[in-house]
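Peer 1: Okay, here's the structure, questions in a sec.
What follows draws every value from the coordinates through simple rules; no lab data is involved. Remember, it's a predicted structure, so these values are computed and weren't measured experimentally. Virtual Cβ from ideal backbone geometry, glycine too; neighbours counted across all protein chains shown.
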Amino acid sequence: MPDQEPNPRVIVVSGGTDGMGRALALARAERGDRVIALGSSPEKGERLLAEAARIGAADRVRFIRADLSSVQAARAAVREIAAAEQVVDALCLFANRLSPERTETPEGLEQTFALYYLSRYLLGHGLAPQLRRSEAPVIVSVAGVGTTKGAIHWDDMQLEHRYGTVTAQLQAGRATDLLGVAYAARPEHPARYVLYHPGFTRSGDLGPLPAAARLLLRSIRFAGRPVERSVAPIHGFIDHPPAAPLTAIDRGDPLPLTLSSLDPVAAERLATATEALLAALPTTPAGNQR
């Protein structure tokens, strides 16, 4: 087992029971950090805890079951973390899921937008007090920065009239880019924000997709990067956060913050729209589950 860090960090990982999120959670726990992994599957959560015990890190990994496509569940997870931890040193955001058909959450939101984008908004803003107490706080959002395809459909952000799996993924991906821009621009947020695109990785759950799509993606994934290679740079972001408030990295290459997909005007527009959207949601939607 690697030597433990002299000052163990507290790491929160969304999507922490599968793929890159799981790999990062276990690696940080093995290094001596305390990890809180968020995921919707109790079975995957149990497997994560069993693997943590196998590597001698059982007391350093906590699993919180939360379907982060639910706004109320994401907020409940924030409350649970905040009640247990005064300080969060790193928030690593992986949660995402492909959806071949348009699906609405209990709050009436399009699922990809809610899980991929809104959960990152809620976790980043909700855990801001804990991040502010860290000596070197960092948020790492793993998405597709560097990709300029896709757009925010301002007149139909819930994609009621133009849904497609790729359309939904690209819109949510562009939204996560703009989230980083808006978050880093606020002086009350000292956490360094890293937008990180690892490239295509042999990671993630293809279960929700049709058989033909799963077969195609598995053939592409075979040539993709191993999970460990894609996760490796994230350790550097956690151990030595960048000096700049916002950093964008695409497969190891720093990106100019002048990219059209990182437009600060659009970022503020999205932040305002998001605040209005969340304010309009019912407090306790029927059928909401943690």
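Peer 1: Ignoring everything except DSSP H segments at least 4 long, calculate the 222 nm mean residue ellipticity for the chain; use -39,500 (n - 2.57) per segment, divide by total residues, nearest 500. Show your work: numbers first, answer last.
Peer 2: On the way: 9 runs with 114 residues, N = 290.
After summing the helix terms and dividing by residue count, I get -12500 deg cm²/dmol.
Peer 1: Which percentage, to the nearest 5, of the DSSP beta bridges contained in the stretch 10-280 is antiparallel? Please report the intermediate quantities before stating the final value.
Peer 2: Values: 3 of 32 bridges.
Restricted to the stretch 10-280, the bridges split so that about 10 percent are antiparallel.
Peer 1: Evaluate the charge dipole of the stretch 10-280 about its Cα centre and quote only its size in Debye, nearest 20, assuming +1 on the Cβ of each Lys and Arg and -1 on the Cβ of each Asp and Glu.
Peer 2: Details: 30 positive and 29 negative charges, 136 e Å.
Around 660 debye, computed over the stretch 10-280.
Peer 1: Looking at the stretch 1-107, which GluC sites (Glu not before Pro) are in a loop (DSSP not H, G, I, E or B) and have at most 12 other Cβ atoms within 10 Å? Please report the intermediate quantities before stating the final value.
Peer 2: Numbers: sites: E30, E43, E46, E51, E80, E85, E101, E104, E107; in loops: E85, E101, E107.
Loop-located and lightly packed - E101.
Peer 1: Also: So if each residue of separation counts as 0.36 nm, and I subtract the Cα-Cα distance between R186 and T147, what length gain in nm does that give? Intermediate values should be presented prior to the final figure.
Peer 2: On the way: separation 39, 0.36 × 39 = 14.04 nm, distance 2.43 nm.
So the chain would gain 11.6 nm between R186 and T147.
Peer 1: Would you tally the net charge around E51, using a Cβ to Cβ cut-off of less than 11 Å, leaving E51 out, and scoring K and R as +1, D and E as -1?
Peer 2: Working: positive: R22, K44, R47, R54; negative: E30, E46.
With Lys, Arg at +1 and Asp, Glu at -1, the net is +2.
Peer 1: In the chain, if the dipole is taken from +1 on Lys/Arg beta carbons and -1 on Asp/Glu beta carbons about the Cα centre, which of L26, I81, L170 is farthest to the positive end?
Peer 2: Farthest along the dipole direction, towards plus: L26.
Peer 1: Right, something else. Using unit Cβ charges (K, R positive; D, E negative) and no other charged atoms, how large, in debye to the nearest 20, is the dipole of the stretch 74-125 about its Cα centre? Working shown, then result.
Peer 2: On the way: 5 positive and 7 negative charges, 9 e Å.
Dipole size: approximately 40 debye.
Peer 1: Still on this model: Sort out for me the Cα centre separation of the stretch 55-69 from the stretch 116-134, rounded to whole Å.
Peer 2: Taking the Cα centre of each part, the stretch 55-69 and the stretch 116-134 sit 18 Å apart.
Peer 1: Can you tell me how much longer the chain between T103 and W154 gets when fully stretched, taken as 0.36 nm per residue apart minus their C-alpha distance, in nm with one decimal?
Peer 2: Values: separation 51, 0.36 × 51 = 18.36 nm, distance 1.90 nm.
Fully extending the segment from T103 to W154 adds 16.5 nm.
Peer 1: How about the stretch 81-168: which chymotrypsin sites (Phe, Trp or Tyr not before Pro) there lie in a loop by DSSP and see at most 12 other Cβ atoms within 10 Å? List each step's numbers first, then the result.
Peer 2: On the way: sites: F94, F113, Y116, Y117, Y121, W154, Y163; in loops: F94, W154, Y163.
Here the sparse-neighbourhood loop sites are W154.
Peer 1: If you restrict to DSSP beta bridges whose two residues both lie in the stretch 89-200, what percentage is antiparallel, to the nearest 5? Don't skip to the answer; put the middle values down first.
Peer 2: Values: 1 of 10 bridges.
Beta bridges within the stretch 89-200, antiparallel portion: roughly 10 percent.
Peer 1: Equivalent ellipsoid semi-axes for the stretch 1-92, as square roots of 5 times the alpha carbon gyration tensor eigenvalues: give them largest first, rounded to whole Å. Could the numbers behind the result be given before it?
Peer 2: On the way: eigenvalues 86, 48, 19 Å².
They are 21, 16, 10 Å, listed from largest to smallest.
Peer 1: Something else: Please list, by residue number, every one of the trypsin sites (Lys or Arg not before Pro) in the stretch 143-183 that is coil in DSSP and has at most 15 other beta-carbon atoms within 10 Å. The partial results should precede the final answer.
Peer 2: Values: sites: K149, R162, R174; in loops: K149, R162.
Of the trypsin sites (Lys or Arg not before Pro), the ones in loops of the stretch 143-183 whose Cβ has at most 15 other Cβ atoms within 10 Å are K149, R162.
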